[in-house]
1. Quick one: how many lysine pairs in region 3-139 have C-alpha atoms under 26 angstrom apart, if they're 8 or more apart or on different chains?
2. Which trypsin sites (Lys or Arg not before Pro) in region 21-97 pass both tests, a DSSP loop state and at most 14 other beta-carbon atoms within 10 Å?
3. In deg cm²/dmol and to the nearest 500, what is the mean residue ellipticity at 222 nm of the chain if only DSSP H runs of at least 4 residues count, each as -39500 (n - 2.57), divided by the residue total?
4. Who wins for biggest fluctuation among SER40, SER93, SER62 in a Gaussian network model of the chain, springs between alpha carbons below 10 Å?
5. How large is ³J(HN,Hα), in whole Hz, for each residue of region 122-132 in order, when computed from phi with the Karplus curve 6.51 cos²θ - 1.76 cosθ + 1.60 and θ = phi - 60°, using x for Gly and Pro?
6. With an 8 Å Cα cut-off and a minimum separation of 6 or more residues, compute the relative contact order for the chain in percent.
7. From the P(r) of the chain, can you give the percent of Cα pairs sitting at distances over 20 Å?
8. Once phi is turned into θ = phi - 60°, what whole-Hz ³J(HN,Hα) does the Karplus curve with 6.51, -1.76 and 1.60 give for every residue of region 64-77, x standing for Gly and Pro?
Amino acid sequence: MSESLQKKSDAIKKNFASLSKQQHYDLLIQMGQQLPPFPSLLKIESSIVPGCQSTLYLHATSCDGRISFVAHSEALISAGLAALLVSLYSGESPETVLTSPPVVIEELQLTSNLSLNRSNGLANIYLRMKQLALAFLIKQ
C-alpha cells in the first residue's frame, strides 16, 4: 500500500471510527453529496458501472502516472460509496489501484451495514476502477 493511500485510509477510519450504524449512512450520504458535478457528456453507457442497484457513472483520467476518478449517482448511498472509493484512489498510481484493495471498508465493517445489493455494488465500483486503471497501464 502506498504511503498516500495509507494516509487516506487512516483519515477515513478516523472519520468513521466512533460512529453508529445510522451515522455511517449519514456520513456516506454527506460524502456523496459532496462529489463534484459530473459532466453530462460523460453520462454515457460506457461510464455506467454494471451491477449497481442504481445507475452509477464512473470516469477516470490519468495525468503524470496518477489516476483520478469522478462519479455520480442519484441514489444517496450509492453516491456515498462511490465518493468513498473516489477519495481513496484518486491521485494514486494505476498499480496501487490494482494491488491495494479497499481494506478500510472491511476494517470499519461498512459492508456489514449494507444490503447485499449495495455490497455487490461497492465491489463492482472497485472492480470498474481496477479495469480503468489497467486500461491506463496498457496504454503506457
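Just so you know, all these numbers are worked out from the coordinates, no wet-lab data involved. Note that the coordinates shown come from a computational prediction; the quantities given were computed from them, not determined experimentally. Here Cβ is always computed from backbone atoms with ideal geometry, including for glycine, and neighbour counts include all displayed protein chains.
1. So the count of such lysine pairs works out to 10.
2. In loop regions of region 21-97 (DSSP not H, G, I, E or B), the sparsely surrounded trypsin sites (Lys or Arg not before Pro) are LYS43.
3. Dividing the helical sum by the residues of the chain leaves -17000 deg cm²/dmol.
4. SER40
5. Along region 122-132, the couplings run 4, 4, 5, 5, 5, 4, 5, 4, 5, 4, 5 Hz.
6. Reported as a whole number, the value is 28 percent.
7. Values: 4140 of 9730 pairs.
The answer is 43 percent, as a whole percent.
8. 6, x, 10, 9, 10, 10, 10, 9, 7, 8, 6, 6, 4, 5
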